[in-house]
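*Asks:* One structure coming up, written as structure tokens, with questions to follow.
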Amino acid sequence: MNVEDSCESLPSKPVVDDRDAVGSESPKQQKPGQIRVVFDSSAQFEGVSLNDVLLSGPDLNNGLLGVLLRFRKEPVALTADIQQMFYSFMVQKDDRDVLRFLWYRDNDLTNEVVDYRMKVHVFGNSPSPDVAIFGLRKAAREAEEEYGSDVRQFIERDFYVDDALKSFPTEAEAIDVLHRARNMLALSNIKLHKIASNRTKVMDAFPAGDRAKDIKDLDLSVDDLPVQRSLGVS
């Protein structure tokens with residue numbers, strides 16, 4: 001699509017995750033205070049929206065029930081999160097014109113409003129979740145020989161979009177699999193962070209900056225681990 005052929009821009013808005021203000025928590029409402037920029041790809045112009053003409057593809061996400069049941073199987077629990085998952089995957093240059101939006105030049109509110117184009121997949125586009133899941137699994141397949149089939153299986157079966165939930169028989173196995181998974185995904189510029197576990201030894205194996213927000217500053221030798229929430233359950 002040529003820029004001269006289409007002059008529409010996507011509306012955008014900030015969305016703040018505020019669990020206390022919502023009567024019931026959905027699986028993805030688990031990051032209080034976080035502000036997401038959401039592009040309204042369902043906004044219509046002359047009766048048609050961007051999401052109306054995008055192909056969403058097959059639903060690649062794991063079933064929530066299966067992820068949660070497997071998570072409860074073993075005694076050592078582990079959760080993690082992919083940092084800005086949708087933004088980890090680029091949009092082809094020829095397709096970026098449909099992701100144009102208006103904002104202040106250089107992010108300075110005193111400057112004029114200009115056109116920008118997103119280079120990555122965005123919240124609000126119907127194909128974004130499955131594009132990201134496909135890319136995540138492709139990264140696991142390509143590095144399976146180096147990092148192991150058990151790590152590929154973890155990435156393919158124990159994620160719900162960007163949230164990882166896995167349980168292990170031993171602390172050593174949990175540490176080993178997560179270390180290899182982080183290294184595997186790092187090859188594709190995907191960061192696995194916000195790590196939490198019900199075992200202090202597992203938490204000690206990872207940098208404090210990569211732990212879940214409410215346990216980053218804990219002294220794990222004396223402080224009790226707080227209750228963690230993931231996908232709407234504690």
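*Asks:* Of all residues in the range 82-95 being assigned to a helix (DSSP H, G or I) and either over 15 Å from residue 134 (Cα atoms) or among the hydrophobic types (A, V, I, L, M, F, W, C) (or both), which is nearest to the chain's Cα centre (by Cα)?
*Replies:* Step by step, filter the range 82-95, then rank; the result is 86.
*Asks:* Starting from the range 91-115, take each residue that is farther than 17 Å from residue 9 by Cβ and list its partners that are assigned to a loop (DSSP other than H, G, I, E, B), counting only C-beta distances under 8 angstrom and pairs at least six apart or across chains.
*Replies:* 94/1
*Asks:* Out of (1) in contact (Cβ under 8 Å) with a residue 60 or more places away in the chain; (2) surrounded by 21 or more Cβ atoms within 10 Å (Cβ to Cβ); (3) part of a helix (DSSP H, G or I), the odd one out for residue 164 is which?
*Replies:* With (1) in contact (Cβ under 8 Å) with a residue 60 or more places away in the chain; (2) surrounded by 21 or more Cβ atoms within 10 Å (Cβ to Cβ); (3) part of a helix (DSSP H, G or I) applied to residue 164, the lone miss is (3).
*Asks:* Among the residues of the range 167-186, write down those that are in contact with an Asp or Glu (Cβ under 7 Å, 6 or more places away or on another chain), of a type outside the set (Phe, Trp, Tyr) and buried (at least 20 other Cβ atoms within 10 Å of the Cβ).
*Replies:* Residues of the range 167-186 that are in contact with an Asp or Glu (Cβ under 7 Å, 6 or more places away or on another chain), as a first pass: 167-169, 177.
Then keep just the ones that are of a type outside the set (Phe, Trp, Tyr); that gives 167, 169, 177.
Within the range 167-186, 177 is the sole residue that qualifies.
*Asks:* Within the range 115-132, is there a residue that is surrounded by fewer than 16 Cβ atoms within 10 Å (Cβ to Cβ) and acidic (Asp, Glu)?
*Replies:* So far as the range 115-132 goes, yes, one or more of its residues are surrounded by fewer than 16 Cβ atoms within 10 Å (Cβ to Cβ) and acidic (Asp, Glu).
*Asks:* In contact with a His (Cβ under 6 Å, 6 or more places away or on another chain) and either surrounded by fewer than 19 Cβ atoms within 10 Å (Cβ to Cβ) or assigned to a helix (DSSP H, G or I) (or both) - does that describe any residue in the range 189-201?
*Replies:* Within the range 189-201, not a single residue is in contact with a His (Cβ under 6 Å, 6 or more places away or on another chain) and either surrounded by fewer than 19 Cβ atoms within 10 Å (Cβ to Cβ) or assigned to a helix (DSSP H, G or I) (or both).
Let's see how each residue does on (1) modelled with pLDDT of 85 or more; (2) assigned to a strand (DSSP E or B); (3) loosely packed, with under 15 Cβ neighbours inside 10 Å:
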position	(1), (2), (3)
1	no, no, yes
10	yes, no, no
27	no, no, no
42	yes, no, yes
51	yes, no, no
67	yes, no, no
70	yes, no, no
80	yes, yes, no
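*Asks:* Only one of these conditions is not met by residue 154: (1) in a loop (DSSP other than H, G, I, E, B); (2) at pLDDT 90 or above. Which number is it?
*Replies:* Going through (1) in a loop (DSSP other than H, G, I, E, B); (2) at pLDDT 90 or above one by one, residue 154 breaks only (1).
The values are calculated or read from the model by the stated rules, or taken from the named source; none is laboratory data. What you see is a predicted model, and the numbers here were worked out from it, not measured in a lab. Ideal geometry is used to build each Cβ from the backbone, glycine not excepted, and the neighbour counts take in all protein chains shown.
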